[in-house]
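Asks: After the C-alpha cells below, expect a handful of questions from me.
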Amino acid sequence: MFSFELLFEAVVFGLLVGCFYAAISLGLSIAFGLLDVPHIAHAAFLVLAAYMTFLLGSYGLDPLVAAVLIVIPFFFFGVLVYRFYYEAFEKRGADAGVRGIAFFFGIAFLVQVFLSMKFGLDQRTVSAPYIGRSLELGDMRIPWRLIVVLCVAIALTVGLKLYLSKTFQGRAIRAVAQDAWALRIVGANPVLTKQWAFGIATAAAAIGGALLIIVSPVEPSLDRVYIGRTFCVVVLAGLGSMSGTLVAGLILGVIESLVLTMFGASWAPAVAYGLLLLVLAIRPQGLFRQ
Amino acid sequence: MKRGTIPFWVFAALLPAAAYGLPILGMNEYYFYISYIVLQYVVLATAWNILGGYAGYVNFGTGAFFGAGAYAALVVMLLFEAPLVVQIAVAALVGALMGLGAGLLTLRLKGIFFSIATIAVAIIIETFVLNWRFVGGATGVQIIRGPVTYGFETHTRMLFFVMSVLAVASLVIARYIETSWLGRGLQALRDAEVAAECSGVPTLRLKLIACAVSGALMAAAGAPLPLYSSFVEPHSVFSLNYSVMALSMAVIGGMARWWGPALGAVLIASSQQFAAFASPEFHLLIVGLLLIFVVIAAPGGLVGVIQWVGNWRVSRKEINRSASVVK
Amino acid sequence: MTNVSKRTFLHGMGLGLGALVLPQRVWSQESPIKVGTSMALSGPLASGGRQSQLALQMWAEDVNARGGLLGRKVEIVAYDDQGSPSQSPGIFSKLVDLDKVDLLIAPYGTVPAAAIMPFAKERRLLMIGHIGYQINSKAKHDMWFNNSPWSDAESWVGGFFRLGKSAGVKKVAFLASDQEFAQNILAGAKSLAKSAGFESVYEQSYPPSTVDFSAMIRAIRAAAPDMVFVGSYPADSTAIIRAVNEIGVGPNVKLFGGAMVGLQYASIMQSLGSQLNGVVNYTTYVPEKTMAFPGIKDFLDRFAKRAPAANVETLGYYVAPFAYASAQILERAVTATKSLKHDVLADYLRKNEISTLVGPIRWGADGEWANPRVVMVQFRDIKDGDLEQFRQEGKQVILEPQQFKTGNLIPFQQARRK
Amino acid sequence: MSALLEVKNVTKRFFGFTALGDVNVTIQAGDRIGLIGPNGSGKTTLINCVSGVFKPEVGTIRFLGDDISSLAPHRRAKKGLARTFQIPRPFSSMSVEDNLMVPLEYVVHDLIDLTNETAVYDEARELLRRVRLDDRKGAFANDLSQVELRKLELARAIAARPQLLICDEAMAGLATKEVNEILDILLDLNASGITIVMVEHIMQAVMRFSKRIICLSAGRVISDGAPAEVMAHPDVRRAYLGS
C-alpha cells in the first residue's frame, strides 16, 4: 500500500497544511519574533478571530470577507493589549519575565472563558463555496479550502515582508526590534512603533483565525492545540523572519505529513515537537536567521 | 535561627498528625476527598514555584511531570505490586530525572524559549504514553484497589494522609531552598542571569537542581492518583489544566515566598470545589481576572498584600536591627 | 439544584388551589428525595453534560407535578465534574456523605464514571450508569445498572459489520482517534472484522490534535477498501466527513462510518448537511416510527422548547432521553418497592424489566443492557443548513438491528450520487 | 612571575562575522589599563571572552598562569576575575546590601563566616563605603539612580575580592562630576591592589586613568602601549577620526 504516488501526495498535503501553519504563525512572528513580547495568547487570539468569522458567517458573509472586516477591529484590539502590557510592564523598565508570561496567559484564559460563555462548547464551522469541494488534477484531488489557505498564506507573507522592508513604518518596526535607542535617534517613537506593530501582528492573527475556521471546526479550547505549533514555527524560522516563517511552516507540515504516512499519525506530534527541541538545543537562533 | 523557624516546624509536624487524627474526630468523608485535591495542588503549585517563582523559568509542562508520576506509580504497581511509598519514591525519581533531562536540554534557553520547550517535552511524553500499550495506551487502565493499608479506615483517608505528608515535604523543601544559599542564587539568576554567573553563581547547576526538585515533587504529587481515582487515562492525566492551575495559584498566591503558592492553591482549589455546583465557568473567569490583576497591580500576589498590610511590623524590626548594629 | 418553577408546581397540584397556598405546604413534612449525579458542565464533554442536566431537571419537574415520589418532592443535585476522573470521586463522596442524597446516577461518560466504581462498590451503592462503556467489566459491582443501549464492542459496532458482510465486503480500512473510547471500539471492531473474514487494508490511529485529514483519506482511497470503519470524536468527525467529500474514498466503498461521535449532535449535523448523505453511523435514538417509545415524542418536544434557555441543542436525541430514562429507572424501582434502600432497589432492577422513554430495559451480565440495541442509521436526502429536517422520518434510516429496521443499505457511493 | 592575564590568539566569530581576530593581550598585576576602540570594534566581546560569557573558537586565556579558557564564568569569578556590565544588571528584586550577598555567599564563602550575619553585613557595608554607596544600603536596586547603579556594579564586582576587575563603560551617560567620582573610586580600588581594565569612550577619563592603553579596531589590536604613544598612533587616529 506504500507507493511513490502516495508519498508525493503526502508531501503536497504537507506543504498545504504547512502553508496554514505559516499563515497562523505570522502574527506571532511579529509579536514575539520582532517585538520580543511573550505572546502566549496568540493562539487564543486566533480562536477568537475564528469565532468572529463564524459570527459574521452566520449573517451569510464569506469567511474571507469576514476576515477582511475583522482585521481593523483586531488591529485596534492589538494596540490596546500592547498599550496595556506596556503600561503594566515595559514602562517600569524591569524585565517582565514570569509576570509578562502570566499576563498573556491570563488573557488567553479570559478569551477562552469568554468564548465558552458566549458561544457554548459545541464546535463551530463556516460554510463557503470552497469548503467541501476539491480541485481534481488527474487522480489527485486537492481541497479548495487548502488552496485558499495557500493563496492567503503567500499573500500575507509577501505583504508583510514588503511592508517590513519597504515602508518607513515597517523599517521602523524592524529597527525597534534591534535597538529601540537607535530608533529614537532617527526620530521615531519606539513605544508607538511597537504598539503599531503589535496591532499589525494581531490583525495578522485575525486573518489566521479566519483560515483556522476555514480549515477545520473550532471550539473554545482549541488554542491549546496551536500554542505549541505556532511557537514551533516561529522558533524554527528564526525570530521575526517572514519568509523564514513560511519555510518553517512548510517544514513542519511536510514532516508531520510524512511521519503520518510512513509511521502512523500517533507519532506525528512527537516528531514535530522533537524537531522543535532539537532546534532549540542546537540552533536556538532558528534555521533561517543570520 | 531565623524568625518563625519554630512555628514552622511545629506546623510541619502538626499537619500530617492532624491529617491522621481528623477521621477519629468523625470528620465527614467528603472533606478528605476534596482536601486531597487541594493538597495535591499545594504540592504542584509549590513545586512549580521552585522553578517558576525562584528561578524565573516558566514551566508549562506541569501536567507532563504530574502524569509521568502517575504512570510511573502505575507501572511499578502493575509490575511489582509495589506499595504506595515505593510508588511515590519511583515517581519522584522519574520526575527528578525528567527534570534533569529537560533541564539539560532546555535550560540554556532564556525566558519564554524555555517555556516553549517545556510544552514540547510535555507533548512528546504524552505521545509516548499514548503509544505504550502496557499501560493501556489511550484507553487507560482501571485499577482494582487492594485492601486498605493497616491503620486507616478507607483508601481516601490514607491517601489524604499521604498527600498531607507530601505537601509538608514540598513546603519544607521550598522553604529550605528559599532561605538557603540556593534561594539567593536562584533569585540572582532570575533577576540577571549573566550577572549572577559572573558573580560566582553556578547558574546552570542551580537551575538543574531547581528543575530536578520541582520535577520530583510534581511527579510525587501524581503518584497517588492511580489509587485515588482508580482509573488512569492519558488525556486527563497529562492535561494542560495542571499547568494552568499551578501557574495561576503560584502567581496569585505570591511567588516570592514559600507559602505563597500554597496559599493560592488552597484558595483557588477549594473555591473551585465549591464553585463546582454554582458556575464553574464563572470560577475560571474570576481566576483569569485575578491572575491579570495580580501580575499588573500586585506583583507580590497575596503574600505581597499580606506583607504590605503587616508592613509596620517589618519596618519596626528594621529599626531595631539597625539600632542593635549601631551599638 | 433543580427548583420547581412556580408554573409547573401550580399545574401539578391542580390550578384550582390558587395562589393563597404557599408551595412548601403541599409537600409532606418529610424532606425531599434527592437524586445525586455529576456531569461535565464545563470542558469538552459539557455539551452532553448540559443536556443531561436539563433532562433530569425536566424529570424532577414531571414527577413533582404528578405529586412526587412516595409523596415526597424530588430534587436533583448535580455537580460539574469537568469529565475528569480526578473530580468525580470527591463529588460522589460529597453527594453521599455531605448532601446525603437518596439515589445516585453515575457521572456522564466513561472516564469520570470509571473513577467512582471502587467507591460505589465499597459503599454498596446502587448506581445507574449514564452513557458509559464497559465501566463495570473490571470492578464487577453487582449494584451497577448501566443505562446505555450497548454492552460490549460487538453490541456497538456488530451491526456495522453485519451490514458489511451482507453487502459483500472483503477489505476494510480502520481510522480511529487515539483516545479512550475510540481505541476501545477500534479493538472490538478489529476482532469483529477478523471473525467476519475481512482483510484489513489500512489502519491508522491519529492524535486528537490532528488538523487535517486529507492525507489519511487519500491513503485510504489508495488502499481501495470496500468499507471504512471510523472511530472518531466530534471535532475530528466533522473534519473527516469534510475530507471524504473533498478527496473521496474510492469507488468500492459500500459502508463508511461506524463509531463517529458527533454525528448525533445537532450543530454538527446542521453544519455538515448534505455531506452526511450515505454515511452509516451508530446512534442511540432517531425519530423513526419503529422507535416511537411511549412518551419520547412528548419529551423531545418539551425539550426543544426548554433547550434554548439552557444553551443546549434543540434536537436532544442522543443523550437527553437516556438521562431522563435513568431517572425513570430509579422512579419505577422506588415506586414498585416503596423503598429507598439501595439493595432492595437493586434486587428489584435485577429481576424486573423497566419500561422507559428509551424502551423497555432488562439488565444482564455486569449490569449492562441484556438486549443492547445500538442503531446503525444511514443519512439520506439531507439538505444543507436545515436543522428541522432531522425531525422527519427517513432522514436517518435505521439499517440495524432488525427489530427497528426501516430501510436497506444503499452503498455509500451510490447514496452520495443522489 | 607570570602575567596576571594572558589572552593568546583569541578569535571569536558570530555567524560568520569575525568579532575578534587573533587577539593577543597580556596584563601585569597592579596595572591600570584603558581599553578603547570605536563601536563594534570588539571591546565587549573581548570582555565577554575573558569573563567566560562567550567561548572563543580559537585561542587560550590564562589567568595567574592557569588556562581558564574552558571554565564557566562563575569558576573564573572564584579565581579572582570580576567584571561590571555596560548596561547595569543589578539583582533588581534585592536590596543594595543583598546584591552584595550573592558574591559574598558564592565566591568568598570560605574566607568569611557566613553564619555570622553581623560580620557579613559589616563586610557588605565596608564594600559599599569603598564605592561611596553606604548611604543607600537598604534601598532596592530598582530605585537607584544611574550613578548609584554603576557604583553598585562596582561594589558587587569587588565583593568577590577580585585580582582583576574589568569595567565595561562604567561611566557612560554620566555627568562630568559623576564621571570624576567613579574615576576616583576606581583609582582607590587600584591603589588597594586590584588590577583594573577600563573600557571607556570618554577620552579624558581614559587618559587620566590609564597607565597603558590598548586600542581595538574591527576585532584586532591595532595599538598597545603608553597612552601618549597609542593616541599618536596613525591607525588609532584613523579609527577614531576616520581620516
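Asks: Considering Cα pairs under 8 angstrom that are at least six residues apart, work out the relative contact order of chain C and quote it in whole percent.
Replies: With pairs under 8 Å counted, the relative contact order is 16 percent.
Asks: Here's a follow-up. With all protein chains present, how much of the accessible area of chain B (probe radius 1.4 Å) comes from carbon and sulfur, to the nearest whole percent?
Replies: On the way: 8790 of 12250 Å².
Heavy-atom surface of chain B belonging to carbon and sulfur, 1.4 Å probe: 72 percent.
Asks: Quick one: which of D:12/D:79; C:254/C:395; C:171/C:194; A:118/A:194 span more than 20 angstrom between C-alpha atoms?
Replies: Values: D:12/D:79 23 Å; C:254/C:395 18 Å; C:171/C:194 11 Å; A:118/A:194 31 Å.
Checking Cα-Cα distances, D:12/D:79; A:118/A:194 exceed 20 Å.
Asks: Also, I was wondering about something else. For segment A:21-108, which chymotrypsin sites (Phe, Trp or Tyr not before Pro) are both in a DSSP coil and crowded by at most 10 other Cβ atoms within 10 Å?
Replies: A:59
Asks: Segment C:68-103: which residues show an accessible-area loss of 20 Å² or more, assembly versus chain alone, 1.4 Å probe?
Replies: With the partner chains in place, segment C:68-103 has these residues losing at least 20 Å²: C:79, C:80, C:82, C:85, C:86, C:87, C:89, C:90, C:93, C:94, C:97, C:98.
Asks: While we're looking at this one, here's another question. With springs only between Cα atoms under 10 Å apart, run a GNM on chain D and tell me which of D:110, D:184, D:98 wobbles the most.
Replies: Of D:110, D:184, D:98, the most mobile in the Gaussian network model is D:110.
Asks: Could you list which residues have their amide H under 5 Å from that of residue D:26, counting only those 5 or more apart in sequence or on another chain, with H placed in the peptide plane?
Replies: Under 5 Å from the amide H of residue D:26: D:7.
Asks: Hull surface divided by four, with the convex hull built on the Cα atoms of the protein assembly as shown: how many nm²?
Replies: The orientation-averaged projected area of the Cα hull of the protein assembly as shown comes to 53.8 nm².
Asks: Follow-up question, since we're still on this one. Using a cut-off of 15 Å between beta-carbons, work out the net charge of the residues near residue A:47 (Lys and Arg +1, Asp and Glu -1, residue A:47 not included). Don't jump to the answer; show the numbers that get you there.
Replies: Numbers: positive: A:118, A:124, A:224, A:229; negative: A:122, A:219, A:223.
Within the 15 Å Cβ shell, the charges total +1.
Asks: Then there's this: How many angstrom lie between the C-alpha centres of segment C:202-236 and segment C:355-418?
Replies: Between the Cα centre of segment C:202-236 and that of segment C:355-418, the gap is 23 Å.
Asks: Just for the protein assembly as shown, what percent of DSSP beta bridges are antiparallel, to the closest 5? Show your work: numbers first, answer last.
Replies: On the way: 40 of 91 bridges.
Looking only at bridges with both residues in the protein assembly as shown, the antiparallel portion is about 45 percent.
Asks: On to the next question. For segment B:38-158, build the convex hull from the C-alpha positions and give me its volume per residue in Å³.
Replies: Residue-normalised Cα hull volume stands at 117 Å³.
Asks: Under the 0.36 nm per residue contour assumption, what length would be gained going from the current alpha-carbon distance of residue D:184 and residue D:66 to full extension?
Replies: Between residue D:184 and residue D:66, full extension yields an extra 39.3 nm.
Asks: Right, another one. Reported to two decimal places, what Rg/Rh ratio describes chain C when computed on Cα atoms with Rh from the Kirkwood expression?
Replies: Details: Rg = 22.0 Å, Rh = 22.2 Å.
Here Rg/Rh amounts to 0.99.
Asks: With each label point set 7 Å from Cα along the Cα-Cβ vector, what nm distance links residue C:365 and residue D:161?
Replies: So the label points at residue C:365 and residue D:161 sit 8.1 nm apart.
Asks: Run the simple label-point estimate for residue D:207 and residue B:105 please: 7 Å along Cα→C-beta, distance reported in nm.
Replies: 5.9
Asks: With only alpha-carbon atoms counted, please give the Rg and Dmax of chain A, in Å.
Replies: Here Rg and the maximum Cα pair distance are 18.9, 64 Å.
Asks: Starting from the eigenvalues of the Cα gyration tensor, five times each then square-rooted, give me the equivalent ellipsoid semi-axes of chain B, largest first, whole Å.
Replies: 32, 25, 19
Asks: Separate question: Among B:252, B:236, B:70, which residue has its Cα positioned farthest towards the positive end of the charge dipole of segment B:5-281, with +1 placed on the Cβ of Lys and Arg, -1 on the Cβ of Asp and Glu, and the dipole taken about the Cα centre?
Replies: Of the candidates, B:252 comes out farthest on the positive side.
Asks: Quick one: dipole size for chain C, taken about the Cα centre, charges +1 on Lys/Arg Cβ and -1 on Asp/Glu Cβ, in debye to the nearest 20. Intermediate results must be reported in sequence, preceding the final value.
Replies: Working: 45 positive and 37 negative charges, 146 e Å.
Here the size comes out at about 700 debye.
Asks: Name the long-range amide H neighbours of residue C:256: under 5 Å, sequence gap of 5 or more, or other chain; modelled H, no Pro or chain starts.
Replies: Excluding prolines and chain starts, which carry no amide H, the hits are C:228, C:280.
Asks: Chain pair B, A: how much accessible area is buried, both chains summed, with a 1.4 Å probe, in Å² to 100?
Replies: Answer for the B-A pair: about 3500 Å² buried.
Asks: Pick out, in residue order, every one of the chymotrypsin sites (Phe, Trp or Tyr not before Pro) in segment B:76-167 that is DSSP loop and has at most 10 other C-beta atoms within 10 Å; say none if there are none.
Replies: B:150
Asks: Related question: Round to the nearest 0.05 the FRET efficiency obtained for residue D:109 and residue D:143 when R0 = 30 Å and r is the Cβ-Cβ distance.
Replies: The value I calculate is 0.60.
Asks: Right, here's the next one. For segment A:1-146, with all protein chains present and a 1.4 Å probe, just round the carbon and sulfur fraction of the accessible area to a whole percent.
Replies: Carbon and sulfur: 67 percent of the exposed surface of segment A:1-146.
Asks: Helix C:296-310 against the longest principal axis of chain C: what's the angle in degrees, Cα atoms only, rounded to the nearest 10?
Replies: 80
Asks: Dipole of the protein assembly as shown, Cα-centred, from +1 at each Lys and Arg C-beta and -1 at each Asp and Glu C-beta, to the nearest 20 debye?
Replies: About 680 debye.
Asks: Using the Kirkwood formula over every pair of different C-alpha atoms, what hydrodynamic radius in Å results for segment C:123-251?
Replies: Values: mean 1/r = 0.0624 Å⁻¹.
In segment C:123-251 this quantity evaluates to 16.0 Å.
Asks: Taking a probe of 1.4 Å and counting only protein heavy atoms, give the total accessible area buried between chains B and C in Å², rounded to the nearest 100.
Replies: Working: alone 16420 and 16900 Å², together 30530 Å².
About 2800 Å² of accessible surface is lost on pairing.
Asks: Still on this structure, please answer the following. With both bridge residues required to lie in chain D, what share of the DSSP beta bridges run antiparallel, to the nearest 5%?
Replies: Working: 20 of 36 bridges.
Here the antiparallel bridges make up roughly 55 percent for chain D.
Asks: Could you tell me the calculated FRET efficiency between residue C:355 and residue C:165, based on Cβ-Cβ distance and R0 = 45 angstrom, to the nearest 0.05?
Replies: My answer for the efficiency is 0.85.
Asks: Shifting gears a bit: Give, as a single signed number, the net charge of other residues whose beta carbon lies under 10 Å from the beta carbon of residue C:176, with Lys and Arg counted +1 and Asp and Glu -1.
Replies: Net local charge, residue C:176 excluded: -2.
Asks: Add -39500 (n - 2.57) for each DSSP H run of 4 or more in chain D, then divide by its residues: what number comes out at 222 nm, to the nearest 500 deg cm²/dmol?
Replies: Mean residue ellipticity at 222 nm (helix-derived): -11000 deg cm²/dmol.
Asks: Rolling a 1.4 angstrom probe over the protein heavy atoms, how many square angstrom per residue are accessible across the protein assembly as shown?
Replies: It amounts to 37 Å² per residue over the protein assembly as shown.
Asks: Pop the C-beta distance of residue D:117 and residue B:17 into the FRET formula with R0 = 25 Å and round what comes out to the nearest 0.05.
Replies: Calculated value: 0.15.
Asks: Looking at chain C only, what percent of DSSP beta bridges run antiparallel? Nearest 5 please.
Replies: The antiparallel fraction comes to roughly 25 percent.
Asks: Quick one: net charge around residue A:37, please, counting Lys, Arg +1 and Asp, Glu -1 for every other residue with C-beta under 10 Å from its C-beta.
Replies: In short, -1.
Asks: So how tilted is helix C:214-223 from the main axis of chain C? Cα-based, degrees 0 to 90, rounded to 10.
Replies: Helix C:214-223 and the main axis of chain C meet at about 60 degrees.
Asks: I want to verify the translational diffusion coefficient of segment D:5-241 in µm²/s; compute it with Stokes-Einstein, Rh as the Kirkwood radius over Cα pairs, at 20 °C and 1.002 mPa s. Before the final figure, lay out each step's value.
Replies: On the way: Rh = 18.2 Å.
Once the numbers are plugged in, D ends up at 118 µm²/s.
Asks: For chain A, set up a GNM with springs between Cα atoms under 10 Å and report which of A:115, A:16, A:35 has the largest fluctuation.
Replies: Highest fluctuation among the options: A:115.
Asks: What dipole magnitude, in Debye to the nearest 20, does chain B give about its Cα centre under +1 on Lys/Arg Cβ and -1 on Asp/Glu Cβ? Don't skip to the answer; put the middle values down first.
Replies: On the way: 18 positive and 11 negative charges, 241 e Å.
The calculated dipole for chain B is roughly 1160 debye.
Asks: Take chain C, mark every one of the GluC sites (Glu not before Pro) that falls in a DSSP loop and has at most 15 other Cβ within 10 Å, then report the longest stretch left between them, sites excluded.
Replies: Values: sites that count: C:30, C:353, C:393.
Result, exposed sites excluded: C:31-352.
Asks: May I ask you to give the percent of accessible area on chain D that is carbon plus sulfur, with a probe radius of 1.4 Å?
Replies: Answer for chain D is 49 percent, counting heavy atoms of protein chains only.
Asks: How big a patch of accessible area, both sides summed and in Å² to the nearest 100, lies buried between C and A at a 1.4 Å probe?
Replies: On the way: alone 16900 and 14040 Å², together 27960 Å².
Its buried surface, counting both partners, is about 3000 Å².
The values are calculated or read from the model by the stated rules, or taken from the named source; none is laboratory data. All of these numbers come straight from a predicted model, not from anything done at the bench. Backbone-built Cβ (ideal geometry, glycine too); neighbour counts: all protein chains shown. When the accessible area is computed, the model is the full protein with side chains, heavy atoms only, and any ligands, DNA or RNA have been set aside. Shrake-Rupley method; radii C 1.70, N 1.55, O 1.52, S 1.80 Å.
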